[in-house]
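**Q** Before anything else, here's the structure in question.
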Amino acid sequence: MNEAETRAEHIDPALKAAGWGVAEGSRIHREYPITLGRIEGHGRRAKPLIADYVLVYRNTKLAVIEAKAWDEEPTEGVGQAKAYADKLAIRFTYATNGQALYGIDMQTGKEGEWASYPSPEELWNLTFAEANAWRDRFAAIPFPDKSGSWTIRFYQEIAVNRVLECIADGRNRILLTLATGTGKTSIAFQIAWKLFQARWNLTDWKKDGEPLRRPRILFLADRNTLATQANNDFTSFAAFAEDALLRIKPEDIRKKGKVPKNSSLFFTIFQTFMSGPPKDGHASPYFGEYP
């Protein structure tokens with residue numbers, strides 16, 4: 001029995017029996033493309049990284065499965081399973097030949113045979129041992145994808161999730177260091193979207209119960225072209241309401257005589273917010289007008 005037959009006749013039914021693809025909020029991604037392959041030049045790419053299965057629950061990738069043919073040892077796939085889980089920053093990964101199931105906890109290093117696949121809820125609880133209401137709220141919100149024309153890259157998803165984990169844990173200073181061309185604005189958009197949709201704000205995040213108010217978010221850049229580009233990129237996702245995004249320009253402030261506040265996401269540059277007419281002989285930068 002080859003790998004394709006093993007997957008169809010044994011692995012897929014076992015996953016279904018555990019509730020994957022059946023339980024609400026659970027999905028099975030087959031032949032999941034992790035990367036398209038390293039660009040080698042002259043229009044060529046290296047071989048892409050493709051995971052046999054990625055298990056998703058509550059919009060969160062929870063496990064990778066590497067499948068082998070029926071007559072191969074399940075541990076033959078352990079190296080690949082670990083590599084894929086490491087790449088995707090997923091805690092649990094499995095290798096199987098349809099008969100035996102070998103599981104690895106990437107966090108503790110514990111590995112060995114499992115009797116069966118955990119259900120979606122069981123795997124969620126194994127991954128996140130401690131309850132966290134904000135983490136659950138963030139996870140409930142899917143990533144916008146421009147009606148299917150845009151897909152978040154694996155490292156972008158990791159960056160977004162790690163920022164949100166820090167926010168859910170109450171940390172208020174977070175730094176992401178990313179190279180040019182890695183999609184920093186897209187990452188910022190996804191973070192802002194999840195915060196906005198989850199109604200995370202400085203008042204409600206410490207309280208019990210459901211949050212009431214959406215946050216106001218400031219996107220600061222050091223050049224006008226970058227602030228305008230970010231505003232345009234956010235707009236291109238067509239996720240936020242049209243009046244939720246506002247590009248703050250010095251000329252608009254001078255014309256109206258005050259800073260605009262009737263929006264949710266503001267885009268401007270440092271110089272604009274650090275300027276402002278003095279009050280009572282003291283510097284009074286515009287950012288001070290936002291509570």
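Each reported figure results from applying straightforward, stated rules to the coordinates on display, with no laboratory input. Computed from a prediction, not measured in an experiment: that's the story for all the values here. Neighbour counts are summed over all protein chains in view; Cβ atoms, including those assigned to glycine, are modelled from backbone coordinates with ideal geometry.
**Q** Trypsin sites (Lys or Arg not before Pro), restricted to the stretch 12-60: which are DSSP loop and have at most 16 other Cβ atoms within 10 Å? Display every interim value, and only then the final one.
**A** Numbers: sites: K16, R27, R30, R38, R44, R45, R58; in loops: R38, R58.
Answer by residue number: R38.
**Q** To continue, here is another question. So for the stretch 108-160, considering every pair of alpha-carbon atoms, how many percent are separated by more than 16 Å? Walk me through the intermediate numbers first.
**A** On the way: 885 of 1378 pairs.
Summing the P(r) tail past 16 Å for the stretch 108-160 gives 64 percent.
**Q** Can you tell me what share of the DSSP beta bridges in the chain is antiparallel? A percent to the nearest 5 is fine.
**A** Details: 25 of 38 bridges.
Around 65 percent of the beta bridges assigned by DSSP in the chain are antiparallel ones.
**Q** Which value in Å does the Kirkwood hydrodynamic radius of the stretch 28-157 take, with 1/r averaged over all unlike C-alpha pairs and then inverted? Could you put the intermediate results ahead of the total?
**A** Working: mean 1/r = 0.0626 Å⁻¹.
About 16.0 Å, per the Kirkwood formula over Cα pairs.
**Q** Rg and Dmax of the stretch 2-75 over Cα atoms: what are they, in angstrom?
**A** 14.8, 47
**Q** Could you state the orientation-averaged shadow area of the convex hull built on the Cα atoms of the stretch 86-243, in nm² to one decimal?
**A** On the way: hull surface 49.0 nm².
Projected area, direction-averaged: 12.2 nm².
**Q** Need the C-alpha centroid separation for the stretch 108-140 versus the stretch 1-51, integer Å.
**A** 20 Å
**Q** Restricting things to Cα coordinates, could you compute the convex hull volume per residue of the chain in Å³?
**A** On the way: hull volume 49.3 nm³, N = 291.
So the per-residue hull volume is 169 Å³.
**Q** Counting Lys and Arg as +1 and Asp and Glu as -1, what is the net charge of the other residues whose Cβ lies under 14 Å from the Cβ of R216?
**A** That sum, taken over residues with Cβ under 14 Å, equals +1.
**Q** Counting only pairs 8 or more residues apart or on different chains, how many lysine pairs in the stretch 141-291 have their Cα atoms under 18 Å apart? Show your work: numbers first, answer last.
**A** Numbers: K146/K184; K146/K194; K184/K194; K194/K206; K249/K258; K249/K261; K256/K279; K258/K279.
Taking the stretch 141-291 as the scope, the lysine pair count is 8.
**Q** Can you give the helix-only mean residue ellipticity at 222 nm for the chain, where every DSSP H stretch with n ≥ 4 adds -39500 (n - 2.57) and the sum goes over all residues, rounded to the nearest 500 deg cm²/dmol?
**A** On the way: 10 runs with 91 residues, N = 291.
The per-residue figure over the chain is -9000 deg cm²/dmol.
**Q** Check A221: other-chain or 5+ apart residues with amide H under 5 Å from its amide H, H built from backbone geometry?
**A** The list, which skips near neighbours in sequence, is T268, I269, F270.
**Q** Continuing with this model, one more query. Any idea how many Lys pairs in the stretch 3-127 come in under 25 angstrom at the alpha carbon, given 8 or more places apart or on separate chains?
**A** 15
**Q** Between R27 and T228, take the C-beta separation as r, use R0 = 35 Å, and let me know the FRET efficiency to the nearest 0.05.
**A** Details: r = 37 Å, r/R0 = 1.06.
The pair R27/T228 has a calculated efficiency of 0.40.
**Q** Using the Cβ atoms and a cut-off under 12 Å, what net charge is assigned to the surroundings of V56, where Lys and Arg are +1 and Asp and Glu are -1? Mind showing how you got there, number by number?
**A** Numbers: positive: R27, R30, R58, K61; negative: E157.
For residues surrounding V56, the net value is +3.
**Q** Would you mind working out the magnitude of the charge dipole of the chain relative to its Cα centre, with +1 at each Lys and Arg C-beta and -1 at each Asp and Glu C-beta, to the nearest 20 Debye? Write down the numbers at each step before the final one.
**A** Numbers: 39 positive and 36 negative charges, 402 e Å.
In total the dipole reaches around 1940 debye.
**Q** Then there's this: Provide the net charge surrounding G21, with neighbours chosen by a C-beta distance below 13 Å and charges set as Lys +1, Arg +1, Asp -1, Glu -1. Can you show the working numbers first?
**A** Values: positive: K16, R27, R30; negative: D12, E24.
Spelling it out: positives minus negatives among the neighbours equals +1.
**Q** List every residue whose amide H lies under 5 Å from the amide H of R247, counting only residues 5 or more places away in sequence or on a different chain, with H placed 1.01 Å from N in the peptide plane.
**A** So R247 has HN proximity to F267.
**Q** Take M1, M274 and order them by how many other Cβ atoms sit within 10 Å, fewest up front. Don't jump to the answer; show the numbers that get you there.
**A** Details: M1 14, M274 11.
So the ranking, lowest neighbour count to highest, is M274, M1.
**Q** Then there's this: When you take every Cα atom in the stretch 158-237, what is the radius of gyration, and what is Dmax, the widest Cα pair distance, in Å?
**A** 13.7, 41
**Q** Taking H as built 1.01 Å from N, whose amide H comes closer than 5 Å to the amide H of I50, not counting residues under 5 places away?
**A** I34
**Q** Another question about this same structure. Could you compute Rg(Cα) / (2.2 N^0.38 Å) for the stretch 152-291, with N its residue count? Show your work: numbers first, answer last.
**A** Numbers: Rg = 16.2 Å, N = 140, 2.2 N^0.38 = 14.4 Å.
Ratio of Rg to 2.2 N^0.38 Å for the stretch 152-291: 1.13.
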